[in-house]
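Here the structure comes first, spelled out in structure tokens, and everything after it is commentary.
The values are calculated or read from the model by the stated rules, or taken from the named source; none is laboratory data. What you are looking at is a predicted structure, and each value in this text was computed from that prediction instead of being measured. FYI the Cβ positions are ideal-geometry reconstructions off the backbone, even for glycines, and counts take in every protein chain you see.
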Protein chains: 2
Amino acid sequence: MQRDKCGELRREAAGRKVVLAGWVHRVRDLGGITFVDLRDASGIVQLVLRNAAHLSREDVIRIAGTVRLREARNPSLPTGDIEVEAEEVEVLSRAKPLPLSVAEEGLPSEETRLRYRYLDLRRPQMQRNLRLRHRACMAIRTYLDREGFVEVETPMLTRSTPEGARDFLVPSRLARGTFYALPQSPQLFKQILVTSGIERYFQIVRCFRDEDLRADRQPEFTQLDLEMAFLEDPEELFPLLEGLASYVFRETIGVEIALPLPRLPYAEAIAHYGSDKPDLRFGMEIADVSSLFAAGPLRLFAEVVAGGGAVRALPVPGGAGRSRGELAKLEEAAQGHGLPGLAWVKLGEAVTSSFGKHVSAETLSAIAAQTGAHRGDLVLLAAGRPEVASTALGDLRLRLAAELSLIPQDRWALAWIVDFPLFKEGEGRLESEHHPFTSPRDEDLPFLARDPSKVRAKCYDLVVNGIELASGSIRIHRRELQEQIFRILGIGEEEAERRFGFFLRALEYGAPPHGGIAFGLDRWVMMMAGEDSIREVIAFPKTTTGACPLTDAPAPVDEGQLRELGLRLEP
Amino acid sequence: MQRDKCGELRREAAGRKVVLAGWVHRVRDLGGITFVDLRDASGIVQLVLRNAAHLSREDVIRIAGTVRLREARNPSLPTGDIEVEAEEVEVLSRAKPLPLSVAEEGLPSEETRLRYRYLDLRRPQMQRNLRLRHRACMAIRTYLDREGFVEVETPMLTRSTPEGARDFLVPSRLARGTFYALPQSPQLFKQILVTSGIERYFQIVRCFRDEDLRADRQPEFTQLDLEMAFLEDPEELFPLLEGLASYVFRETIGVEIALPLPRLPYAEAIAHYGSDKPDLRFGMEIADVSSLFAAGPLRLFAEVVAGGGAVRALPVPGGAGRSRGELAKLEEAAQGHGLPGLAWVKLGEAVTSSFGKHVSAETLSAIAAQTGAHRGDLVLLAAGRPEVASTALGDLRLRLAAELSLIPQDRWALAWIVDFPLFKEGEGRLESEHHPFTSPRDEDLPFLARDPSKVRAKCYDLVVNGIELASGSIRIHRRELQEQIFRILGIGEEEAERRFGFFLRALEYGAPPHGGIAFGLDRWVMMMAGEDSIREVIAFPKTTTGACPLTDAPAPVDEGQLRELGLRLEP
């Protein structure tokens, strides 16, 4: 049956006959007359029913009626100029008393929301989030299609992939005793696809990691995966990715991103913001004031500097009035990062500091000058290993900025973090900072054999408002180099063959230079929706124990099913 | 580095400096001069190299050079007017001797193709297939987005779904002894999504079935899944789906489909074509000639008709000359369908028949008239239970039409098959013809209690050239009716609660009438690509034993992994 859309009726429709169908959003009975707010996907309109059967919230009804102007306009509704006098009412479906309210604010526990997700998703905010997610995906596909990218589906039933987290396994029935793995990412498939002549590949794809769930992780999540052939330098990829990001922000939430994006080397990000995903929406940059203390009177700091350490300083706007107690709490936080303590300079009426008389007024002025601090501000100082000092101050920077409401909520600060080290210290051996397929920078190749820790990678993260949105790299496309990297990572020849043999062989039949990136789609949509959890932008997420309260998955299975798979539960 | 596209160079480029990169498609060394066909994603261009290092097929090179007009044009290449004189050549990657040829026709075994898929996918036909698949998906999304549909992702780690095939199981580590199932389709999730106010839902989604693989099945396959709220009659959905199908055919392969599509009731499809997925590209309709035999002289046929059976007749154009031996083979095929035998009428110089003198010339003429057979044709007759007679003849119709090249290969014959029965005979009990969530037709509801076999369903298949492309239905949206259907299917209250309790509850909180459909995407793309197997349109398909020769999945896993999952292999 042809029906009109609730949310689209306006003054001009007055007098028109309409057919509407939807959910009873709110209902008021006023002695024989019932006022119903009827909701469909387009919005809400007020109905007037005379002598109608009793209606409850979330009943599904269909009405035929006439639009008329309201006596008292409701300015809070786009349809507030009119109402619909219902002449026929048909109840299509009844709703029992609701365990959660669609129309009101306040929400029950997340467990209840997920168990009754079909009610929870009806809330206007969740409707908006799912539609926003769809808009973002459409924008991604439209942009990449125009740029000549081909979306290719890669297998879900595949082989263990090299991301290092635990795989979800799927027992094979036809080949008992063997297992598929669900992909942690299509990393090797995408590299094989560009090697297969799909020079511009992308995919919006489900990925799986069997991790101990904490914070805002999901066992299955969605990634925008992308790869291009004939790339040797990240800068060849950035304009395209910046175009993508700005297009998606514009089309999805109407935000304009200024391009090109800044590039920030990893070392600078750590030094100035104490993080490899700095929030650049606000200042409070960390300054290096080591030179002021190198030959200075404060022996402790001078020794740190002489030993290769640094003295770093964080300006705190308007912080001069902080009490000793408050400063002690900040110090405690810094100690959590392994610093012995925290020094401070207050630029109050007078300039005071934790140094007492040991440090001259000139040095205090120089600290203020180098951090850009002004009268009324506080400067916090940390001395120690450079990364430790900066990371501790970076953490305080975020806490204090949030506390002081210094983070503009309407700004979008995007930046590339580049020049990551190729390796990091693992448990007794080197590990990949990103993953083992990342290419070293050409000029750093000589260090591979001598001092791998000095080798920088051709990899890059896209950071938005202090959150890592995407991570990528130029890949290794020569077998010999790939094998050398495996050796440095302690992956022996036999293990390399067993885990990655098929991929190493693919490099031997004409593999072009290539590179790519993967965006965390759930996180991107979450940010654009202004939500704090990815569960708010996933239709049917799991709890932190990996359970789905709606379907009660995972669940026990019949013994017969296990027998077919050649499996037995351990007692 | 900025590079030009090999396949786009034309006469006008003569004299231009270009940079090209790609794969060595073919190579000929002519004493100091090397001619290379260089291939990238855009096509092929001829290079002329002087004193170059030896190159092999599928080496990856980059060259800088100058475009010049060819002396002898090569009309078989779009770039055949020009060649590129290479001034600098850089070998980016070497290829070993190839296990399969990218440039030549002839192919090795499918096992070898899949093992070296990165070479196989470079072949122009596979490149075209993957790009065509991408185009089809873009067209689907563009159309549905314009029509207000929202793509929503549903879980892959979920609960056993009701399709009736075997589930792939995924053991949970956090809740040992329990399992997720990979979805056979998002059937219940999509019904829950429209119940959640996503009035127009779609998803291009991976589905999984652990079946014994035969013919052209894959353990994972892709479906276009679609659902709409406030539908009660299939006719409300058809215009939209027809618009979708015609848009996708046009945008993907430039074929125009005439709309609206014909609707063919299930009973007619069986009667006239002996199949619920008739190939309508050609005639050879099966006729019912029972009335000619009801009172006729042929006692055997008269008895069949009297007992509720039928005599059905298939015209075979130009078949009058078939020998006894050929007819015997056709009869054998019919016997495979459970028919005792096959009668025939030859409209040759004289009219002859297998009936000898038992059937009059007038009756033979009437048979010819009712089947539309002409001089030179053959008519095959089958007597028996109506479906059996028609199905046997329907099978012969397809075989003979193919053999006689009567199937126009450039036609696209689409039709809706409607009015399927709701139930079919299963092993000792009724089964759903489609699935248990299909709504009965309103006018047939009274039969549900009395004679369920008479109940027709609000379901529909979209058939293309004899292949089922999509299948859908209006769903049940009331719990009582859903429970009644479960009872008829022999699903007791406890089983219904255990398997579908969460879904039954969702129907109690305001579920609108709704319906939808699912398209087999792999099959659709296969048809548009003119391929005979879905493996030709899937980047990394599995063999018929569910194995991936590229990655050697599925594979054994460490015992430690199983221990973490609380599982043990059966000895």
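Pairing residues of region A:381-392 that are farther than 16 Å from residue A:354 by Cβ with residues that are assigned to a helix (DSSP H, G or I), at Cβ distances under 6 Å and at least 6 apart in sequence or on separate chains, gives A:387/A:270; A:390/A:270; A:390/A:271.
Got a number for residues in region A:548-566 being closer than 25 Å to residue A:125 by Cβ and buried (at least 22 other Cβ atoms within 10 Å of the Cβ)? The total comes to 3. Out of curiosity, is residue A:215 within 23 Å of the chain's Cα centre (by Cα), within 14 Å of chain B (Cβ to nearest Cβ) and surrounded by fewer than 17 Cβ atoms within 10 Å (Cβ to Cβ)? Considered against the rule, which asks whether it is within 23 Å of the chain's Cα centre (by Cα), within 14 Å of chain B (Cβ to nearest Cβ) and surrounded by fewer than 17 Cβ atoms within 10 Å (Cβ to Cβ), residue A:215 comes out as no. Only residues that are at the interface with another protein chain (Cβ under 8 Å from one of its Cβ atoms), under 22 Å from residue B:45 (Cβ atoms) and touching a strand residue (DSSP E or B) at 6+ places or on another chain (Cβ under 7 Å) were counted in region B:100-121, giving 1. Of the residues making up region A:492-510, just one is under 15 Å from residue A:438 (Cα atoms) and not in a helix (DSSP H, G or I), namely A:507. Whether any residue in region B:238-248 is touching a helix residue (DSSP H, G or I) at 6+ places or on another chain (Cβ under 6 Å), at pLDDT 95 or above, surrounded by fewer than 21 Cβ atoms within 10 Å (Cβ to Cβ) and farther than 30 Å from residue B:554 by Cβ is what I want to check. Checking region B:238-248: at least one residue is touching a helix residue (DSSP H, G or I) at 6+ places or on another chain (Cβ under 6 Å), at pLDDT 95 or above, surrounded by fewer than 21 Cβ atoms within 10 Å (Cβ to Cβ) and farther than 30 Å from residue B:554 by Cβ. One residue stands out among those in region A:183-212 that are of a type in the set (D, E, K, R) and buried (at least 22 other Cβ atoms within 10 Å of the Cβ): the one that is nearest to the other protein chains (Cβ to nearest Cβ), which is A:199.
Listed conditions (1) of a type in the set (D, E, K, R); (2) free of Cβ contacts under 8 Å to residues at least 40 places away in the same chain; (3) more than 21 Å from residue A:541 (Cβ to Cβ); (4) at the interface with chain B (Cβ under 7 Å from one of its Cβ atoms) are all met by residue A:146, apart from (4). Here residue B:545 fulfils each of the conditions (1) under 30 Å from residue A:548 (Cα atoms); (2) at the interface with chain A (Cβ under 7 Å from one of its Cβ atoms) apart from (1).
Conditions (1) closer than 30 Å to residue A:174 by Cβ; (2) basic (Lys, Arg), marked per residue:
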site	(1), (2)
A:475	no, yes
A:510	no, no
A:516	no, no
A:523	no, yes
A:535	no, yes
A:545	no, no
A:551	yes, no
A:571	yes, no
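If you go through region B:294-319 and pick out every residue that is in a loop (DSSP other than H, G, I, E, B) and either over 37 Å from the mean Cα position of the chain (by Cα) or closer than 19 Å to residue B:360 by Cβ (or both), you end up with 5. Here residue A:275 fits the description: touching a residue at least 24 places away in the same chain (Cβ under 8 Å) and of a type in the set (Ser, Thr, Tyr).
Residues that are of a type in the set (A, V, I, L, M, F, W, C), surrounded by 13 or more Cβ atoms within 10 Å (Cβ to Cβ) and more than 14 Å from chain A (Cβ to nearest Cβ) within region B:19-50 comprise B:35, B:45, B:47, B:48, B:49, listed in sequence order. Of the numbered criteria (1) more than 30 Å from residue B:240 (Cα to Cα); (2) within 12 Å of another protein chain (Cβ to nearest Cβ); (3) of a type in the set (Val, Ile, Thr), the one residue B:525 fails is (1).
The condition of being surrounded by 17 or more Cβ atoms within 10 Å (Cβ to Cβ), of a type in the set (Val, Ile, Thr), at pLDDT 90 or above and farther than 23 Å from residue B:278 by Cβ holds for only one of B:304, B:316, B:311, that being B:304. Could you tell me whether any residue of region B:505-520 is more than 14 Å from chain A (Cβ to nearest Cβ) and modelled with pLDDT under 95? No - not one qualifying residue is present in region B:505-520. Name the residues in region A:185-218 that are touching a residue at least 60 places away in the same chain (Cβ under 8 Å) and in a helix (DSSP H, G or I), would you? Of everything in region A:185-218, those that are touching a residue at least 60 places away in the same chain (Cβ under 8 Å) and in a helix (DSSP H, G or I) turn out to be A:187, A:188, A:190, A:191, A:192, A:194, A:195. Hey, residue A:475 hits all of (1) in contact with an Asp or Glu (Cβ under 6 Å, 6 or more places away or on another chain); (2) in contact (Cβ under 8 Å) with a residue 60 or more places away in the chain; (3) closer than 24 Å to residue A:160 by Cα but one; which does it fall short on? Checking residue A:475 against (1) in contact with an Asp or Glu (Cβ under 6 Å, 6 or more places away or on another chain); (2) in contact (Cβ under 8 Å) with a residue 60 or more places away in the chain; (3) closer than 24 Å to residue A:160 by Cα, the one that fails is (1).
Scan region A:56-67 for residues that are surrounded by 19 or more Cβ atoms within 10 Å (Cβ to Cβ) and either within 11 Å of chain B (Cβ to nearest Cβ) or more than 46 Å from the chain's Cα centre (by Cα) (or both) and the total you get is 7. The sole residue among B:256, B:242, B:235, B:251 that is more than 9 Å from every other protein chain (Cβ to nearest Cβ) and not in a helix (DSSP H, G or I) is B:256. A count restricted to region A:458-485 and to residues that are under 20 Å from residue A:225 (Cα atoms) and either in a strand (DSSP E or B) or modelled with pLDDT under 95 (or both) stands at 15. On the basis of being touching a strand residue (DSSP E or B) at 6+ places or on another chain (Cβ under 9 Å) and in a strand (DSSP E or B), does residue B:388 make the cut? When the stated conditions are applied, residue B:388 does not pass them. Does residue B:546 qualify as being in a loop (DSSP other than H, G, I, E, B) and of a type outside the set (S, T, N, Q)? Yes.
Out of curiosity, is residue B:157 surrounded by 21 or more Cβ atoms within 10 Å (Cβ to Cβ), in contact with a helix residue (DSSP H, G or I) (Cβ under 7 Å, 6 or more places away or on another chain), facing chain A (nearest Cβ under 7 Å) and closer than 29 Å to residue A:212 by Cα? For residue B:157, the condition - surrounded by 21 or more Cβ atoms within 10 Å (Cβ to Cβ), in contact with a helix residue (DSSP H, G or I) (Cβ under 7 Å, 6 or more places away or on another chain), facing chain A (nearest Cβ under 7 Å) and closer than 29 Å to residue A:212 by Cα - is not met. Among the residues of region A:372-390, how many are crowded, with 24+ Cβ neighbours inside 10 Å and among the β-branched types (Val, Ile, Thr)? Residues that pass the stated criteria total 1. Selection of region A:139-166 for residues being at pLDDT below 95 and either outside the structural domain of residue A:201 (by TED's automatic domain parsing) or among the acidic types (Asp, Glu) (or both) yields only A:163.
For region B:1-56, a residue qualifies if it is of a type in the set (Asp, Glu) and in contact (Cβ under 8 Å) with a residue 24 or more places away in the chain, and the qualifying residues are B:8, B:29, B:37, B:40.
Scanning region B:347-361 turns up one or more residues that are out of contact with any strand residue (DSSP E or B) (no Cβ under 6 Å at 6 or more places or on another chain) and either of a type in the set (Phe, Trp, Tyr) or closer than 26 Å to residue B:466 by Cβ (or both).
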